[in-house]
Amino acid sequence: MKQLLIESKQITAILADPSCCCTFNEYQWETLIRVLRHEGLLARISVQLQQQGLLDALPPYAQKHLHNAAVLAENQHSSIVFECQQIRKSTQQHGVRFYLLKGAAYVFCGNNTNCGRTFGDIDLLVNKSQINVVENTLLLHGWLADDIDDYDNAYYRNWAHEIPPLKHTGRGSVIDLHHNLVPVVSGRAPKIEYFTDNAIEYDGFFVLAPAAMTLHSIVHLFINEDFKHGLRDLNDIHLLFTEYASEGFWHELDNLASKCGFTLELYLACRYSHRFFQTKIPSEFASKLAQCHGNRLVNLLRDFIFSRVLASKHPLYTRWSNSLAATMALVRGHYLKMPWPILIRHTVHKSYRMTVRLLLGKSFFTKEQNS
């Protein structure tokens, strides 16, 4: 059967070394293209194959899909640059210092993670004292928040590290405006200056220094309950580790993680990046982290969860254990973001609203319009 032509482990092997797919026949390419498109990684493989001079030797069927994916990603990158320029133009009177995060940051600094990277929104970080003026200014220029209930609005304003997403009414671009990198209510929100110190300017925007950029990508992945893009985000980390690998980089990464309390997340990133993509991690660096967080029994549980939620989510590879691991990751993520009392309150509230919507319909909670 076609769905058995490529195993899940082969997908990660190809992401580690794209040349592995050069001997695939058209049926194998059909499966591979489906899976990589589902994971948002088709354009990345396309660009990497092109860089290695291997693209032209592939079957025409594969070349067509890979070329189209690369063009789509390039167009998306151009759109992101344009949207960022519009944001800067709209807010320039306030002298705001914008820090680009994740996908937009990769595009502006042009690192290897940028190649073929696709994303759905623009992540921006600003000083918390400026977030209200930035939000109000963007509202005047067409970026509006979706209609959310009072509870969700209060959650964002009081407990989260960002405001509700803003979507442009004309172009559809979405902005996630942050004032920190981790929800404030978690008790783990770092002093943001630790990350923004030594940021590098690109075209009027600032991008975190390599160690800070990498640690943020790690924190974003492992202090989370949603692993929809887990494979893509872990591959980002692999590319960041590989590109910036130097003695100074590992030293800065270790210091920053220790200072901000993210050594466990760093350990998990190293463990699973190496497991999935054979990322080269300095042995002394890995050993130091393992001494602090390498409990064997705990790692058995971690491996059960992360070996599944970080793997491909394509239906071809769906098993019952994947659903169990996703549920465990969901509980873990919420626990990391919220203290127990708030987590229980949050769960009860969300469960109540979900139940009412199922029984009485979504319109039950619709705010009445003034006549």
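The values are calculated or read from the model by the stated rules, or taken from the named source; none is laboratory data. None of these values were measured; they are calculated from a predicted model. Here the Cβ is made from the backbone with ideal geometry for all residues, glycine too, and neighbour counts use every protein chain on show. Surface areas here come from the heavy atoms of the whole protein model, side chains and all, with no ligands, DNA or RNA. Shrake-Rupley method; radii C 1.70, N 1.55, O 1.52, S 1.80 Å.
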_With the structure loaded, tell me whether ARG232 is of a type in the set (Lys, Arg) and either over 29 Å from LYS288 (Cα atoms) or not assigned by TED's automatic domain parsing to the domain that holds VAL35 (or both) or whether it fails that test._
no
_Residues of the stretch 91-132 satisfying the condition of being among the hydroxyl-bearing types (Ser, Thr, Tyr) and within 17 Å of ASP197 (Cα to Cα)_ = TYR99
*Pairs with Cβ under 6 Å, 6+ apart, first in the stretch 294-309 and within 13 Å of ALA329 (Cβ to Cβ), second surrounded by 14 or more Cβ atoms within 10 Å (Cβ to Cβ) and polar (S, T, N, Q)*: ARG308/ASN322
*Check ASN136 against each of (1) surrounded by fewer than 14 Cβ atoms within 10 Å (Cβ to Cβ); (2) among the polar types (S, T, N, Q); (3) in a helix (DSSP H, G or I); (4) touching a helix residue (DSSP H, G or I) at 6+ places or on another chain (Cβ under 9 Å) and name the one condition it does not meet.*
(4)
*Can you tell which of ARG308, ARG357 is of a type outside the set (Ser, Thr, Tyr), at pLDDT below 95 and more than 21 Å from PHE241 (Cα to Cα)?*
ARG357
*Which residues, counting only those in the stretch 265-286, are open to solvent by 50 Å² or more (accessible area, probe 1.4 Å) and more than 19 Å from GLY248 (Cβ to Cβ)?*
ARG271, HIS274, ARG275, GLN278
_Looking at the stretch 242-260 only, could you name the residues that are surrounded by 13 or more Cβ atoms within 10 Å (Cβ to Cβ) and part of a loop (DSSP other than H, G, I, E, B)?_
ALA245
_Just to verify a result, which residue in the stretch 297-317, among those that are more than 17 Å from THR263 (Cα to Cα) and exposed (fewer than 12 other Cβ atoms within 10 Å of the Cβ), is nearest to the chain's Cα centre (by Cα)?_
PRO315
*Quick check: is even one residue across the stretch 217-229 farther than 16 Å from GLY333 by Cα, surrounded by fewer than 24 Cβ atoms within 10 Å (Cβ to Cβ) and either out of contact with any Lys or Arg (no Cβ under 7 Å at 6 or more places or on another chain) or of a type in the set (A, V, I, L, M, F, W, C) (or both)?*
no
_Every residue in the stretch 140-158 that is touching a residue at least 24 places away in the same chain (Cβ under 8 Å), outside any loop (DSSP other than H, G, I, E, B) and either of a type in the set (Asp, Glu) or surrounded by 16 or more Cβ atoms within 10 Å (Cβ to Cβ) (or both), please._
TRP143, TYR155
*Please identify the pairs in which a residue from the stretch 60-83 that is closer than 25 Å to TYR27 by Cβ has its Cβ atom under 6 Å from the Cβ atom of a residue that is polar (S, T, N, Q) and part of a helix (DSSP H, G or I), counting only partners at least 6 apart or on another chain.*
LEU66/SER46; ALA69/SER46; ALA70/SER46
*Can we say TYR194 is buried (at least 19 other Cβ atoms within 10 Å of the Cβ), hydroxyl-bearing (Ser, Thr, Tyr) and modelled with pLDDT of 95 or more?*
no
